[in-house]
Amino acid sequence: MNPLNEYYLRQPEPSRSILLFLREFILKHDPQITETLSFGLPFFKFKGKMFCYFNYHKKFGKYYISFNKGKELMYAELVREDRKLFKILLIDENEDLPVELISQIMEDLKKML
């Protein structure tokens, strides 16, 4: 089986379904976005440049999308913590996904790359 697919299948529900939805949403956003597995995590690239990735935040107990060039993205919903380049968007499984916000962040990020 494809290692990327294995990553998603190893995640518990409902996280698996949410991550699979976000995966499809990100890949359909622009045909120049591709997905690879790096450091055991799904990474998305735009025109071959680091774009964003999924990971799990142990402190908050939530999955998140980490956006490259996050320090330049000015959205109150993004968390920086001690990261130098990336900011994260925590995904709350009990709330509707902020797809419009994610889409806007992706559009802004594409302009920076």
Enumeration of residues in region 1-11 that are at pLDDT 95 or above and either among the polar types (S, T, N, Q) or not in a helix (DSSP H, G or I) (or both): Gln11
Close pairs (6 angstrom Cβ cut-off, 6 or more residues apart or separate chains): more than 15 Å from Pro3 (Cα to Cα) and in contact (Cβ under 8 Å) with a residue 60 or more places away in the chain in region 33-55, β-branched (Val, Ile, Thr) and assigned to a strand (DSSP E or B) anywhere: Phe46/Ile33
Residue tally, condition outside any strand (DSSP E or B), of a type outside the set (Lys, Arg) and either over 12 Å from the mean Cα position of the chain (by Cα) or closer than 16 Å to Lys111 by Cβ (or both), over region 26-43: 6
Hits in region 44-95 - residues which are touching a helix residue (DSSP H, G or I) at 6+ places or on another chain (Cβ under 9 Å), of a type in the set (A, V, I, L, M, F, W, C) and over 17 Å from Asp108 (Cβ atoms): Phe54, Ile91
Given (1) more than 15 Å from Asp108 (Cβ to Cβ); (2) in contact (Cβ under 8 Å) with a residue 24 or more places away in the chain; (3) touching a helix residue (DSSP H, G or I) at 6+ places or on another chain (Cβ under 9 Å), index of the condition Ser15 fails: (3)
Within region 32-59, tally of residues that are touching a strand residue (DSSP E or B) at 6+ places or on another chain (Cβ under 9 Å), surrounded by fewer than 13 Cβ atoms within 10 Å (Cβ to Cβ) and among the basic types (Lys, Arg): 1
Pair list, Cβ under 7 Å, 6 or more apart: region 97-113 residue within 13 Å of Lys47 (Cα to Cα), other residue assigned to a helix (DSSP H, G or I) and of a type in the set (D, E, K, R): Met112/Glu72
Sole exception among (1) surrounded by 13 or more Cβ atoms within 10 Å (Cβ to Cβ); (2) at pLDDT below 95; (3) out of contact with any strand residue (DSSP E or B) (no Cβ under 6 Å at 6 or more places or on another chain) for Gly70, by number: (3)
Odd one out for Met106, checked against (1) assigned to a strand (DSSP E or B); (2) closer than 25 Å to Pro14 by Cβ: (1)
Some residue of region 56-74 being closer than 22 Å to Leu27 by Cα, without any contact (Cβ under 8 Å) to a residue 24 or more places away in the chain and among the polar types (S, T, N, Q): yes
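The values are calculated or read from the model by the stated rules, or taken from the named source; none is laboratory data. Owing to the predicted nature of the structure, the values given are computational and were not obtained by experimental measurement. Cβ atoms come from the backbone with ideal geometry, glycine included; neighbour counts cover every protein chain shown.
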